[in-house]
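To start, the structure itself, in structure tokens.
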Amino acid sequence: MRLQILGPIRFWNGSSWAPVPGCRPRTMLALMAIHGGRPVPIDHMAAELWPSAPPSSAPTLIRGYILRLRRALGDLGGATIVTRPSGYELRCAADTTDIGRFEALTAQGRATLARGAVEEAHRCLSKALDLWRGEPYTDALLTSAVAAEASRLGERRLAAAEARVEAALLRGQGHEVIHELQSLTREHPLREVLWGQLMRAFHAADRRVDALEAYRRARRTLVEELGLEPGPDLRELHQAILDGRPVPVRGTPLPDRATPVHLRGPDVTVPASPPLETRRDVAAFTGRRDDLASLRRLVTEAGSPGAVVITGAAGVGKSALAIHLAHRLLGDFPDGQLHIDLRGSHESHRPLEPREALGRMLRALGTAPGAVPAEPAEAGARLRSLTAGRRMLVLLDNAADATQVEPLLPGEPCAVLVTGRRSLTTLGCPVHHLTTLPDEESLALLVGLIGRERLAADPAAARRLVRYCEGLPLALRIAAARLAARPQWPLRWLADRLESEPHRLDELRMEELSVRSALTVSLRDLERDPDGPELTRLLSLLAFPRLPHITVLHAAELADTSPARTERLLDKLLDTHLLHSPEPGLYRMPALTRLFAGERAARDPLSMPAS
């Protein structure tokens, strides 16, 4: 399969480039291409195709569009468009698409330009820009995802054009790029790098008056539009031309990171060393060998993996796993690591707004504080421009939902680890479900925190601790912290206190750590749901039967609602990991969650089951 996307969508039929029939099938092909080898859920496709209100027949219509696509592409066997449990995935190697070739040629050109090989750089960048036939995805529906990707690609095209102009200037061909730069400054009048290149081109062509006039136009535009004077690079260039001195050479893409110089204008500088913002590794991290191996494959062996979501219940260790993995991947991402706590699982803080998160990320990448765009869409585009072509790892920790994460995704080939209590399936990326620790790994975690000798002194009490903590890393760490604060006390002291169910959550608290607080955040998220009152009531009702498994019919009887309605509510509780489900139709409530829900029910008599 070979695809052209930088313009109208076309595919190679064996003898010529052919259009893809049908606007909606083309849009679905665009959505799958945007997700780059990751499954696109049917729900996400429906939301993109019918943003106001998807029809009830949306899944059937989408299957029909997929069939039309397969027929057009000669893919009735489903080798290129692969059916996945949640949706569909496009299998198409990067070098068989014009976008893939554009990115590869651009990266090669910028790298050779940074080394000073201007002839090769100009050749590579020219080939990259020659692949464009118009606006990307121009004959697909302008859905939110298509519009965002088209904007990102437009930024990449402009950056490649700037780099090619830079190569031409360094080759002594300033007079040849004057017309191109005049067009670019008309289209992008706030881009100071372009104005500086135009002044240098005029100067190289012995057109000093035109160079000074270009500066006056640039200054007038910046003052009128932004209320800002030109940056120091442009002012220095202007003064050099006035004084008749040799003009400084600025703006060469991808300079040596050891020297902080201006990269994309005066408002962005390259840090002297790559940002390494990931928090310190978690003390006594234990186990998770299979989880680490699976996530490492997704992040490092999938070509361009995009985002990978780590999801699981409150306190199961999502952040600890992501941080530990990030430290093990330092050598795979030489351009640095960013770590943003999105505060989606904090009891006392509101979730971080995308605008705030983007500001932190852009400042870490060298953007001056006053130059961070106020508009989230513009800030997101700036982030993608600054990270495109760089091998970085971005950790977006404690995400509340997909809408918080989507604007923060960087350019390729950056990798992204997202942690959150929800699966965020609408992102269309792999989801890794994290479960509690098995008994042996729970014991190993206690050994790492309080010592082998102490556990060996009373192994029966140690196993009781593990049982009462249910293999939940947060509970185990709190128990270990309490024991570490009392080094002479036996393990059975805490095991005996945890045996009392009415007081167990009181005991699983140490300074700012609390199992009850972690579950309170999950309850708060339930209350924000449109079905919040029914969900919290059902959760309280399910705390009392104490059965090994809960069926839909049993839950419907308790809640006095229809089985169909009850099943939808149970699925929402499952999505927030307040329930577990070993198989369809059967649900289980963890003991610590049951104790928490029982406490809430005791405070709210209306939530108590009828006697």
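Each reported figure results from applying straightforward, stated rules to the coordinates on display, with no laboratory input. These figures come from a predicted structure and were not determined experimentally. Here Cβ is always computed from backbone atoms with ideal geometry, including for glycine, and neighbour counts include all displayed protein chains.
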For segment 195-209, Karplus couplings with θ = phi - 60° (6.51, -1.76, 1.60), whole Hz, Gly/Pro x: 5, x, 5, 5, 4, 5, 5, 4, 5, 5, 8, 6, 10, 4, 4
Average Cα contact separation per residue, segment 1-159, under 8 Å, 6 or more apart, as relative contact order %: 33 percent
HN-Hα J in Hz across segment 29-39 - Karplus 6.51, -1.76, 1.60, θ = phi - 60°, x for Gly and Pro: 4, 4, 4, 5, 5, 4, 7, x, x, 10, x
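Give me the one-decimal Kirkwood hydrodynamic radius in Å for segment 49-126, with the sum taken over alpha-carbon pairs. Provide the component values of the computation, followed by the final result.
On the way: mean 1/r = 0.0633 Å⁻¹.
Result for segment 49-126 stands at 15.8 Å.
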Area projected by the alpha carbon convex hull of segment 1-152, averaged over all directions, nm²: 9.6 nm²
Dimensions (Å) - segment 281-397, Cα atoms, principal axes, largest first: 44, 37, 21
Pairwise centroid distance, computed over Cα atoms, of segment 450-517 with segment 530-577, Å: 31 Å
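Go ahead and estimate [θ] at 222 nm for the chain from helices alone: -39,500 (n - 2.57) per DSSP H run with n ≥ 4, summed, over the residue count, rounded to 500.
Details: 26 runs with 312 residues, N = 611.
Roughly -16000 deg cm²/dmol at 222 nm, from the helical runs in the chain.
Could you tell me the convex hull volume per residue, in Å³, taken over the Cα atoms of segment 511-611? Walk me through the numbers before you get to the answer.
On the way: hull volume 10.1 nm³, N = 101.
Per residue, the Cα convex hull of segment 511-611 comes to 100 Å³.
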Relative contact order for the chain, counting Cα pairs under 8 Å that sit 6 or more residues apart, in percent: 10 percent
Debye log10 I(q)/I(0) at q = 0.11, 0.21, 0.23, 0.25 Å⁻¹ for segment 365-454, Cα point scatterers: -0.50, -1.06, -1.18, -1.29
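With a cut-off of 8 Å between alpha carbons and a minimum separation of six or more residues, what is the relative contact order of segment 464-611 in percent? Can you show the working numbers first?
Working: 144 pairs, mean separation 32.9, N = 148.
It rounds to 22 percent for segment 464-611.
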Trypsin sites (Lys or Arg not before Pro) within segment 1-70: DSSP coil, no more than 13 neighbouring Cβ in 10 Å: none
Under 5 Å, built H, 5+ apart or other chain: amide partners of GLY389: GLU412, CYS414
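How long are the semi-axes of the equivalent ellipsoid of segment 128-169, taking √(5λ) for every eigenvalue λ of the Cα gyration tensor, in whole Å from largest down?
Numbers: eigenvalues 120, 23, 4 Å².
The answer is 25, 11, 5 Å, longest axis first.
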10 Å-binned pair-distance histogram of segment 1-75 (Cα, whole percent): 18, 51, 26, 4, 0
Amide H partners (placed H, <5 Å) of LEU434, local residues excluded: THR311, GLY312
Under the Karplus curve 6.51 cos²θ - 1.76 cosθ + 1.60, θ = phi - 60°, whole-Hz ³J(HN,Hα) for segment 216-221, x wherever Gly or Pro sits: 4, 5, 4, 5, 4, 5
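In nm², what is the average projected area of the convex hull enclosing the Cα atoms of the chain?
Projected over every direction and averaged, the Cα hull of the chain covers 32.1 nm².
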Summed side-chain charge close to HIS580 - residues other than HIS580 whose Cβ falls under 13 Å, Lys, Arg +1, Asp, Glu -1: -2
ARG546/SER581 FRET efficiency (R0 22 Å; Cβ-Cβ; nearest 0.05): 0.80
